[in-house]
Amino acid sequence: MSDTGPAFLTTKEVADLLRVKERKVYDLAGEGEIPHRRITGKLLFPRAELLAWIEGRSLERPAVLAGSHDPLLDWAVRESECGLALLTGGSLDGLARFARGEAALAGLHIPDQGGWNLQAVQAEGLSDCVLIHWARRARGLILSEAMAPRVAGLADLRGRRVALRQAAAGTAQLWQRLLDDAGLDAADFTVAGVARSESDAAAMVAEGQADAALGLAAMARQFGCDFLPLIDESFDLLIDRRSYFTAPVQRLLGMAGKPALTEKAATMGGYDLSDLGAVRWLSA
């Protein structure tokens, strides 16, 4: 069987490949013996992982941390010298890359009805992974000095220039939710541009390209901007179980117990690390 073809196989296709009855495939999946995903109640089998399983080899994920940009996590990656590569294309991009096996970890802050990240992760039907808490982050409006005295909420930004985030960013999902809650529409604002990181969003305000941006308290402080807090969000790390025990991931997680991380968070501002390392969800 070649490596080309659909990314996921059905139960029947796997049964034909293994030359067994479909009932046997269900049994293997139920016992966790075969790579699979359960999406909307349906079993699907990732082709690449299945081929690796048949050949008796492990499919190693690349040493990549994908997902959302977090300034403190970015600093921890550099400080720990863990060797992880960063692909910070946004929470939804990171979750998709993780599901495809393209990353060992993904940083997420995706709003859901009950909080953060759980519904989005569970909807992927992932296996062999864990979601652990990294930090609570203060998020709100990063404002220019001229705008700060005039803004007490989103409605006060009508007609103003706002820096937005890319569609795959968790912040973009949160922005739309905040607009809906306030009875506002995207047409109520002027788009100053699209920022692809937390620092880029704050820089656009600091440099006068935008009047406001939905961003982190830590970035407002770094760029000398005013800040109006709106919400505390949970930033979590989705980690592959096999990758969890590799040297790069262990070196990064080792920062959790060091005073340097707590000191850096306090210096940056807007971080709460009291639940760092707590397990939020385990796959089946």
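No lab work stands behind these numbers, since they all come straight from the coordinates. All of these numbers come straight from a predicted model, not from anything done at the bench. Note that we place each Cβ from the backbone using ideal geometry, even for glycine, and neighbour counts take in every protein chain shown.
Hey, with R₀ at 41 Å, roughly what FRET efficiency would Ala85 and Glu31 work out to, going by the Cβ-Cβ distance, to 0.05?
Numbers: r = 34 Å, r/R0 = 0.84.
Once the sixth-power term is evaluated, E becomes 0.75.
So what's segment 107-191 giving for Rg/Rh, alpha carbon basis, Kirkwood Rh from the mean inverse pair distance?
1.04
Could you pull out the trypsin sites (Lys or Arg not before Pro) across segment 29-126 that fall in loop regions by DSSP (anything but H, G, I, E, B) with no more than 16 other Cβ atoms inside 10 Å?
Here the sparse-neighbourhood loop sites are Arg57, Arg100.
Provide the per-residue ³J(HN,Hα) series for segment 130-139, in order, calculated from phi with Karplus coefficients 6.51, -1.76, 1.60 and θ = phi - 60°, each as a whole number of Hz, with x at glycine and proline positions.
Rounded to whole hertz, the list is 9, 10, 10, 7, 9, 6, 8, 10, 7, 10.
What does the highest-first list of 151-161, 123-133, 102-112 look like by mean Cβ count within 10 Å?
Details: 151-161: 15.2, 123-133: 18.2, 102-112: 24.1.
The packing order, highest mean first, is 102-112, 123-133, 151-161.
Return a single number: how many Lys pairs in the chain, at a sequence separation of 8 or more or on separate chains, have alpha-carbon atoms below 17 angstrom apart.
Step by step, the pairs that qualify in the chain add up to 4.
Which order do peptides 182-189, 248-255, 14-21 fall in by mean Cβ count within 10 Å, highest first?
Sorting 182-189, 248-255, 14-21 by mean packing, highest first, produces 248-255, 14-21, 182-189.
Given only helices, namely DSSP H runs of n ≥ 4 each adding -39500 (n - 2.57), what is the per-residue ellipticity at 222 nm of the chain, to the nearest 500 deg cm²/dmol?
Taking each H run of at least 4 residues, the total per residue is -9500 deg cm²/dmol.
Under a 5 Å amide H to amide H cut-off, with H placed in plane at 1.01 Å, what residues pair with Ala210 once short-range neighbours are removed?
Val205
What's the extension gain from Leu230 to Ala284 if we count 0.36 nm per residue and subtract their Cα-Cα distance?
16.0 nm
In cubic angstrom, how much convex hull volume per residue do the alpha carbon atoms of the chain span? Walk me through the intermediate numbers first.
On the way: hull volume 39.7 nm³, N = 284.
Spelled out: Cα convex hull of the chain, divided by residues, is 140 Å³.
Normalised by the number of residues in the chain, what is the relative contact order in percent for Cα pairs under 8 Å and 6+ residues apart? Please report the intermediate quantities before stating the final value.
Values: 546 pairs, mean separation 65.7, N = 284.
23 percent.
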